[in-house]
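Q: Dumping the structure here so I can ask a few things about it.
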């Protein structure tokens, strides 16, 4: 999964590289991803225009190890890390009755 996500991210980033300067929008993120890839950490993909990236992990322990490989800053640019879990459940579809007055359909 991580390798496929990385390939997808690189492909999409290549499309926008002329506008954003490279596959990754921010120079610090470019450098971080290079460092992580040298450590065989796969899966870094930029969210939309960036500069945020995501990196999947296979466990909480793996996520903590990846986090430990990310420095607090690169070239004076502070880096923040957030570890989160997927919902890991299917979608829930609901239809709210017109009588409820909410007008919301999910």
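Q: Can you find even one residue in the stretch 76-94 that is on the phi < 0 side of the Ramachandran plot, surrounded by 10 or more Cβ atoms within 10 Å (Cβ to Cβ) and not in a loop (DSSP other than H, G, I, E, B)?
A: Yes, there is a match, as at least one residue in the stretch 76-94 is on the phi < 0 side of the Ramachandran plot, surrounded by 10 or more Cβ atoms within 10 Å (Cβ to Cβ) and not in a loop (DSSP other than H, G, I, E, B).
Q: Here are 31, 38: which of them is surrounded by fewer than 16 Cβ atoms within 10 Å (Cβ to Cβ), over 14 Å from the mean Cα position of the chain (by Cα) and in contact (Cβ under 8 Å) with a residue 12 or more places away in the chain?
A: 31 is the lone residue from the list that is surrounded by fewer than 16 Cβ atoms within 10 Å (Cβ to Cβ), over 14 Å from the mean Cα position of the chain (by Cα) and in contact (Cβ under 8 Å) with a residue 12 or more places away in the chain.
Q: Does residue 25 qualify as being surrounded by 16 or more Cβ atoms within 10 Å (Cβ to Cβ), modelled with pLDDT under 95 and in contact with a strand residue (DSSP E or B) (Cβ under 7 Å, 6 or more places away or on another chain)?
A: Working: surrounded by 16 or more Cβ atoms within 10 Å (Cβ to Cβ): yes; modelled with pLDDT under 95: yes; in contact with a strand residue (DSSP E or B) (Cβ under 7 Å, 6 or more places away or on another chain): yes.
Yes, satisfied.
Q: Another one. Is it true that residue 50 is touching a residue at least 24 places away in the same chain (Cβ under 8 Å) and on the phi > 0 side of the Ramachandran plot?
A: yes
Q: Here is a follow-up. What are the residue pairs meeting all of these: first residue in the stretch 86-106, first residue closer than 30 Å to residue 57 by Cβ, second residue exposed (fewer than 10 other Cβ atoms within 10 Å of the Cβ) and modelled with pLDDT of 65 or more, Cβ atoms under 8 Å, and 6 or more apart or on different chains?
A: Filtered contacts from the stretch 86-106: 106/92; 106/93; 106/94.
The values are calculated or read from the model by the stated rules, or taken from the named source; none is laboratory data. Keep in mind it's a predicted model, so treat the numbers as computed, not measured. Because the Cβ atoms are built from the backbone with ideal geometry, glycine has one as well, and the counts that use them run over all protein chains shown.
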